[in-house]
1. Do you know which residues across segment 22-32 are closer than 12 Å to Pro140 by Cα and open to solvent by 30 Å² or more (accessible area, probe 1.4 Å)?
2. Among the residues of segment 33-52, which ones are under 12 Å from the mean Cα position of the chain (by Cα), farther than 15 Å from Val13 by Cα and open to solvent by less than 40 Å² (accessible area, probe 1.4 Å)?
3. Say whether the condition of being within 20 Å of Arg32 (Cβ to Cβ) and at pLDDT 90 or above is met by at least one residue in segment 81-93.
4. Can Tyr42 be described as within 19 Å of Met154 (Cβ to Cβ) and among the hydroxyl-bearing types (Ser, Thr, Tyr)?
5. Quick one: what pairs do we get from segment 133-156, first residue touching a residue at least 40 places away in the same chain (Cβ under 8 Å), second hydroxyl-bearing (Ser, Thr, Tyr), C-beta under 6 Å, 6+ apart or different chains?
6. For segment 104-122, which positions are within 15 Å of Pro60 (Cβ to Cβ), in contact with a strand residue (DSSP E or B) (Cβ under 7 Å, 6 or more places away or on another chain) and of a type in the set (Gly, Ala, Ser)?
Amino acid sequence: CIVTFEQSDLDGVIVRVRDDFLLYGRGTAWVRSNGQSVEYDYVNFRDFAHGHARIWREVPWVARRVWMTRDAGRERFGDAFASVELKKQDTESQNENAVPLAPVWEIWCRESSSVYWIAEGSDETLDESEPLFELRGFFPCPHPAFGTVDPETMIPIPEFVQYKDQVEEINEYTQRIA
């Protein structure tokens, strides 16, 4: 397996992981095989999930959501993708030209040593396989970059939340001075 840092934009991935860490308390990268090479992907904080655990070592599964076009989904999953519902990726956007995409979760389950692909809103599994490559720790992502987390759930708490009251107080004083 060849690791290609330039082709996978590792620097860009790390910058986006850092930004999610600073803004949302968790930044995540993902590794995937692309034929003969290994590439790194940034996973948006909204597109990453993991099973309930107190510490990373106890996490039973990790998942990332990938947004696919109808053609890409049919190419990857065949007829199983024909009935998958397409949606707008960014529901907050008012972009009328947004291409409808299908949200598909890639789930790596440590207990079953399997990878599952499931479309949101579907009861059927699109695909199930053994892991595509062998990784220490099983998961295709390193331990996410966490800020402060709830000690019982690993739910990230953005750093800003901890000093938000002070920032609001400073803003209030600044407005009074002005």
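The values are calculated or read from the model by the stated rules, or taken from the named source; none is laboratory data. Computed from a predicted structure; not experimentally measured. Methodologically, a virtual Cβ is constructed for each residue, glycine included, from the backbone with ideal geometry; neighbour enumeration extends over all protein chains shown. Protein only, heavy atoms only, side chains kept; ligands, DNA and RNA dropped before computing areas. Shrake-Rupley method; radii C 1.70, N 1.55, O 1.52, S 1.80 Å.
1. First pass over segment 22-32, keeping only residues closer than 12 Å to Pro140 by Cα: 28-32.
Of everything in segment 22-32, just one residue is closer than 12 Å to Pro140 by Cα and open to solvent by 30 Å² or more (accessible area, probe 1.4 Å), namely Arg32.
2. Ala49, His50, listed by residue number.
3. To start, the set of residues in segment 81-93 that are within 20 Å of Arg32 (Cβ to Cβ) comprises 81, 89.
Filter again for at pLDDT 90 or above, leaving 81.
Yes, that holds for at least one residue.
4. On the way: within 19 Å of Met154 (Cβ to Cβ): no; among the hydroxyl-bearing types (Ser, Thr, Tyr): yes.
Considered against the rule, which asks whether it is within 19 Å of Met154 (Cβ to Cβ) and among the hydroxyl-bearing types (Ser, Thr, Tyr), Tyr42 comes out as no.
5. Between residues of segment 133-156 that are touching a residue at least 40 places away in the same chain (Cβ under 8 Å) and residues that are hydroxyl-bearing (Ser, Thr, Tyr), the close pairs are Phe133/Ser33; Cys141/Thr28; Pro144/Thr28.
6. Ser114
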